[in-house]
Amino acid sequence: MKGLHVIGVSHAYGDTQVLNSVSMMIPAGELVCLLGPSGSGKTTLLRLAAGLERLQHGQILINDQVVADAHMHVPPEGRGIGLMFQDYALFPHLSIIENVTFGLFGQPKDKARRHAMEMLDQVGMTAHAENHPHMLSGGQQQRVALARALAPEPNLLLLDEPFSGLDTNMRGQIREETQSVLKASGVATVMVTHDPEEAMFMADWIKILGNNGSILQSGRPHEIYYHPQHEFVAKLFGLMNRFVGVVKDGYVEIPIGKVGAKGMDDGRRVEVLVRPEGVLLESNGANGAPLDVVSTHLLGHDNIVRVRLTADNVAPEERNLYVRIHHTFEPELSKRITADVEADYAFIFPLDGAGDVAEASYASTPQPEAAK
Amino acid sequence: MVELTPSFLMDYESLDKEHQALADIVNLVVEAIDGDDAGKCKTLLPEFVKAAKRHFANEEALLVKIGYPNVKKHQKHHRSLNTKMDHMIEFANMAGENQLARDSLRRELVFFLMDDIITTDMDFKAFIEEKAKTGEA
Ligand SMILES: Nc1ncnc2c1ncn2[C@@H]1O[C@H](COP(=O)(O)OP(=O)(O)O)[C@@H](O)[C@H]1O
Ligand SMILES: [Fe+2]
Ligand SMILES: [Fe+2]
Ligand SMILES: [Mg+2]
């Protein structure tokens, strides 16, 4: 099936194991973000797919063609890929149009030039065709790099932190433009980033690469955010409020309310992680945990509010919470403020057995005759 | 459309058959969506989920039988797919009326089969091959 198929790829530099049996299928036309912390092996995986690094273990196919396994290594130029790497800059001594035609060496000159101009048109850069890279802004260079990567009509596009060199203002716009150009091109794209927000914005599908060099979870951005299956994945998206509790009658009680623990045995010790937007504040509320507001920090659209729970029976390490709330919130110091938990933003992980998931059951009807 | 080209085959008959049966349902869903007949998804998805769960149970029984050392991990992986199946049922129920539900369902289903289900199974392909040689699988 068309796309990128990675099967059981492991990689080590010397004694350091970087990738640990990574497998994935990225169908043609999909934009997948590989999200993981710095050092988790993202660049290594892209370099292996591109053929810039020799595969040590596993198999890689592009559009059903084996490009690397134990016996063979198709060089990068034979893989039909487009690359946009962090350190893969434009050629400074070539003009913009020459940069874009560079990968079209098989074609007659005027045809290549016409095609390159079309590509520059797609990214809104035709006016700069005869300029040299140093005359362009970072964002403009990025657009040209995208045109250059797409010009040979690759089977697969590999982007390594493509926006990390741009300042914040520029980044949003270039992200959006890049996304629409990629959608229009219909090419299978793997984009690597360590920035969760960037992955959420760009991707139809996110894969999380953990520190152990294996894929921890994949799914729609919504699914990754609201149904993280590992503590590691839940914590990727920033601040978290952490509580420890024990499952009782299908619930865990934490200082700001009760959270359902579907599929977990009574008596199991668990960790409850609550996103800052999962702590709801109420003025003069009858229920909820009483608190003091410690400080507020305006972050554009939202406020991050630091609060301290005041009830006597709250453990010291569970007293201080982060709350995300609409920017119009102003704590009214005269009023009693309380906090409640919003279950959608609360995640439960067993404390014994790391990386465990709730073992919700399905009708299991093992059939001994499964073997042929 | 999904297609089980060679890199998606386990080279083990019963598993490949069941994967193919799942692929057939996925393709019916894709056809229904493309053919302006997305209302059908409402009945196709429960069928898919049922077949997927039966497949997981069969596969786990096989792995236990042949003594695959990482069987617990793979069982856990299968269980972790429950949320996705719940969501796909929801998308399928809305697919008749809603473009976003159709797009999400199609994407999710293709990734689900080709990536979550089959590609992850490749972890034990070599183990089954070894066992088959000695007649244990
Ligand atoms: N050529 C190399 N030689 C030795 N170690 C390397 C090499 N390239 C990367 N590493 C190490 O491998 C790990 C993963 O690197 P990398 O793939 O660049 O991660 P990421 O892109 O996720 O930040 C890091 O610890 C890095 O220091
Ligand atoms: Fe399977
Ligand atoms: Fe499986
Ligand atoms: Mg990197």
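Readers should treat all values here as calculations from the given coordinates under stated rules, not as data from a laboratory. Note that the structure is predicted; figures quoted are calculated from it, not measured. Here Cβ is always computed from backbone atoms with ideal geometry, including for glycine, and neighbour counts include all displayed protein chains.
Return the average number of partner chain Cβ atoms within 10 angstrom of each residue Cβ along peptide A:221-229.
Mean inter-chain Cβ contacts per residue within 10 Å come to 2.
How big is the charge dipole of the protein assembly as shown about its Cα centre, in debye rounded to the nearest 20, if each Lys and Arg gets +1 on its Cβ and each Asp and Glu gets -1 on its Cβ?
About 380 debye.
Across peptide A:211-219, how many C-beta atoms of other chains are within 10 Å of each residue C-beta, on average?
What the average comes to for A:211-219 is 2.
Along the Cα-to-Cβ line of A:THR296, 7 Å from the Cα, sits a label point; which residues in the stretch A:238-279 have backbone N less than 19 Å from it?
What the label zone holds, given the 19 Å backbone N cut-off, is A:276-279.
Would you calculate the separation in nanometres between label points at B:GLN99 and A:ASN284, each defined as 7 Å from the Cα along the Cα-to-beta-carbon direction?
With each label point 7 Å from Cα toward Cβ, the separation is 4.6 nm.
For the protein assembly as shown, give the share of DSSP beta bridges that are antiparallel, in percent and rounded to the nearest 5; count only bridges with both residues there.
75 percent
Which of rounded, prolate, oblate describes the stretch A:12-121, given a ≥ b ≥ c as roots of the alpha-carbon gyration tensor eigenvalues and a/c under 1.5 marking rounded, otherwise prolate only if a/b is larger than b/c?
Prolate is the answer for the stretch A:12-121, as a/c is 1.5 or above and a/b outweighs b/c.
With the cut-off at 1.5 for a/c, could you classify the protein assembly as shown from its C-alpha gyration tensor as rounded, prolate or oblate?
Cα axes put the protein assembly as shown in the oblate bin.
Among rounded, prolate and oblate, which fits the stretch B:12-133 when a ≥ b ≥ c are the square roots of the eigenvalues of its C-alpha gyration tensor, a/c under 1.5 means rounded, and a/b larger than b/c means prolate?
Prolate, because a/c is 1.5 or more and a/b exceeds b/c.
Which value, to two decimals, describes the C-alpha radius of gyration of the stretch A:96-152 once divided by 2.2 N^0.38 Å?
Relative to the rule-of-thumb radius for its length, the stretch A:96-152 sits at 1.00.
Where does each of A:THR189, A:THR328 land when they are ranked from fewest to most other beta-carbon atoms within 10 angstrom?
Going from least to most buried by this count: A:THR328, A:THR189.
Over the whole of A:6-14, what's the average partner chain Cβ count within 10 Å per residue? Rounded to a whole number, please.
2
What order do you get for A:PHE232, B:PHE112, B:PHE127 when you list them from fewest to most C-beta neighbours inside 10 Å?
Placing the least packed residue first, the sequence is B:PHE127, A:PHE232, B:PHE112.
With the dipole of the stretch B:12-133 worked out from charges on the C-beta (+1 for Lys and Arg, -1 for Asp and Glu) around the Cα centre, which of B:VAL110, B:ASN93, B:GLY67 lies farthest toward the positive end?
The one lying farthest along the dipole's positive direction is B:GLY67.
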